[in-house]
1. Given Leu33, Leu16, which one is modelled with pLDDT of 95 or more and farther than 21 Å from Ala64 by Cα?
2. Do we find that Phe308 is in contact with a Pro (Cβ under 9 Å, 6 or more places away or on another chain), surrounded by 24 or more Cβ atoms within 10 Å (Cβ to Cβ) and on the phi < 0 side of the Ramachandran plot in this structure?
3. Check Pro132, Pro230 and return the single one that is touching a Phe, Trp or Tyr at 6+ places or on another chain (Cβ under 8 Å) and assigned to a loop (DSSP other than H, G, I, E, B).
4. Being in contact with a helix residue (DSSP H, G or I) (Cβ under 9 Å, 6 or more places away or on another chain) and within 18 Å of Ser72 (Cα to Cα) is the filter here; which residues of region 91-114 pass it?
5. Out of region 353-403, which residues are assigned by TED's automatic domain parsing to the domain that holds Glu25, among the hydroxyl-bearing types (Ser, Thr, Tyr), outside any loop (DSSP other than H, G, I, E, B) and surrounded by fewer than 18 Cβ atoms within 10 Å (Cβ to Cβ)?
6. Taking the criterion of being without any contact (Cβ under 8 Å) to a residue 12 or more places away in the chain, more than 19 Å from the chain's Cα centre (by Cα) and at negative phi, would at least one residue in region 79-98 satisfy it?
7. Could you tell me whether Thr428 is within 30 Å of Gln105 (Cα to Cα), part of a loop (DSSP other than H, G, I, E, B) and modelled with pLDDT under 95?
8. Scan region 93-142 residue by residue and report those that are closer than 19 Å to Gly246 by Cβ and among the polar types (S, T, N, Q).
Amino acid sequence: MSHRAVVIGAGVAGLLAAAALSRAEPTMQVHLLEQDELTEGPADRRGVPQGRHAHLLMAGGLAAMESLLPVSVRDRLLVAGAHEIALGNGMLALTPDSGWFHRWQGDSPRMITCTRALLEWVLRQILRDCHPHVRLHRATVDGLLGDARQVRGVRVGGGTTGHRLGPELEADLVIDASGRGSGSLSWLAGLGITGIEERKLDSGLTNATRIYRVPEGAESFPLTLIQANPYDGRPGRSAMVLPIEGNRWMVSAGGTRGGEPPADPEGFLQYVLSLPHPIVGHLIRGAHALTDVVVSRGRSTSNTRRYFEKSPHWPERFIPLGDALATFNPAYGQGMSVAALGAQVLADELRGGLTSPGLSRRVLRGAAGHVDMAWSAAVGMDVLFPGVTGGEPALADRLAAWYTRRLTRAATGSYDAASALWDVTSLTAPPTRVLHPKALLAALNGPLLPPTTEPPLQPSERAILDRLAKSRTAPEASQGRRTR
């Protein structure tokens with residue numbers, strides 16, 4: 001007999017959870033409930049407050065997606081215009097206080113860059129093409145059916161599209177992938193489960209993003225990143241030039257509390273020019289702006305961890321995943337990959353059966369391992385910025401920051417140190433990877449190559465940058481105009 005599952009939220013976590021369920025039981029009815037209207041093509045959603053800012057799909061997250069879906073996500077994304085960036089030589093990155101990373105030849109982890117809207121659209125297309133029993137409805141959820149021992153469905157609210165739903169939708173399994181605004185805590189309280197530990201840490205990060213057309217001849221210019229400095233006691237300020245689909249650059253500036261980027265075009269340009277290196281400002285001076293500056297701040301950039309796996313009581317057949325489980329400062333590019341790894345845990349555990357006792361506990365504990373890895377990295381840096389709320393740096397945080405700083409300094413000119421950072425950043429290896437003997441030795445010895453205050457550009461790239469830096473400020477986007 002076929003089972004029925006409900007997935008709340010049709011973002012990355014929800015789409016991948018639906019894929020995991022369909023892979024486990026191809027004839028299972030999977031109902032995806034999404035409060036936002038979804039279009040036929042890529043489009044931003046209100047339910048993804050950081051959706052119009054920079055997103056990175058790390059190698060570990062991409063590998064998880066590839067394992068969940070019957071066709072290659074990578075291939076579909078590249079055909080749709082996404083870019084594949086090698087961490088070793090495909091990017092320019094200025095560290096907080098140690099100069100630029102050297103660009104190494106040879107293999108290194110790769111990440112995918114595109115808009116969040118394109119990634120979600122590609123995942124929806126794959127589900128539609130390969131899993132006909134996945135049904136998408138526009139609806140909200142008001143609560144859970146069942147009791148503290150077992151969930152048996154959801155209470156549906158709001159309007160629906162497509163297949164009509166009644167006020168109650170029975171299900172053999174409910175996945176909450178509804179994101180930062182998840183109602184899991186209140187829904188569980190309605191079943192009598194309270195006291196779940198929750199931690200929040202907020203650096204006050206504000207993101208400001210503008211889309212530009214890539215200047216002619218600059219199509220191959222590397223991804224460019226100015227990292228924020230958590231060590232000098234001042235607000236963190238950063239910027240990134242990210243290649244995305246449609247021959248465009250997504251340029252995002254970020255500032256923690258007290259160092260927020262402005263929303264006006266001239267202020268935005270001056271902000272990136274005033275960073276420790278003006279390369280981002282020089283690049284966009286010669287690029288035509290396609291949008292106005294979009295600013296997002298507040299709760300959408302905070303770190304929040306809900307320790308569901310530690311609750312002494314938990315109902316069978318209910319599993320929060322993705323941002324419903326934990327959210328991270330988006331500056332570290334981990335959220336989508338952690339969601340994918342959580343969905344992979346779900347797929348692995350479903351081999352024992354969708355209604356097997358203890359399934360929810362096992363998935364929560366497995367997903368928590370991936371969350372903890374990303375949480376440590378994000379919170380370990382954010383806690384050092386001035387004005388952070390939700391915590392003070394403990395001794396362990398300061399020790400981790402000290403070692404990370406040494407390893408990062410070494411990685412600017414040591415392949416062994418750089419390789420360790422790539423693996424952890426890409427979520428292809430656990431944090432203990434930075435303690436392997438070669439990485440430890442590199443951290444102690446420091447960089448083998450001298451530090452450089454200028455980006456390691458190839459001659460052709462230097463010519464592009466010099467040309468753009470001498471350009472007059474590009475024309476502004478028309479008021480109210482939005483070009484995707």
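1. Values: Leu16 fails: farther than 21 Å from Ala64 by Cα.
Testing whether each residue is modelled with pLDDT of 95 or more and farther than 21 Å from Ala64 by Cα leaves just Leu33.
2. Numbers: in contact with a Pro (Cβ under 9 Å, 6 or more places away or on another chain): yes; surrounded by 24 or more Cβ atoms within 10 Å (Cβ to Cβ): yes; on the phi < 0 side of the Ramachandran plot: yes.
Spelling it out, Phe308 is indeed in contact with a Pro (Cβ under 9 Å, 6 or more places away or on another chain), surrounded by 24 or more Cβ atoms within 10 Å (Cβ to Cβ) and on the phi < 0 side of the Ramachandran plot.
3. Selected residue: Pro230, the only one of Pro132, Pro230 that is touching a Phe, Trp or Tyr at 6+ places or on another chain (Cβ under 8 Å) and assigned to a loop (DSSP other than H, G, I, E, B).
4. Taking region 91-114 as the starting set, the residues that turn out to be in contact with a helix residue (DSSP H, G or I) (Cβ under 9 Å, 6 or more places away or on another chain) are 92, 94-99, 101-102, 104, 106, 108-112, 114.
Pro109, Arg110, Met111, Ile112, Cys114 - these are the residues of region 91-114 that are in contact with a helix residue (DSSP H, G or I) (Cβ under 9 Å, 6 or more places away or on another chain) and within 18 Å of Ser72 (Cα to Cα).
5. Passing the criteria: only Ser376.
6. Scanning region 79-98, I find at least one residue that is without any contact (Cβ under 8 Å) to a residue 12 or more places away in the chain, more than 19 Å from the chain's Cα centre (by Cα) and at negative phi, so the answer is yes.
7. Details: within 30 Å of Gln105 (Cα to Cα): yes; part of a loop (DSSP other than H, G, I, E, B): yes; modelled with pLDDT under 95: yes.
Judged against the criteria, Thr428 is a match.
8. Thr113, Thr115, Gln125
The values are calculated or read from the model by the stated rules, or taken from the named source; none is laboratory data. Please read all numbers here as calculations on a predicted model, not as lab measurements. Positions of Cβ are generated from backbone atoms using ideal geometry, with glycine treated the same way; all protein chains shown enter the neighbour counts.
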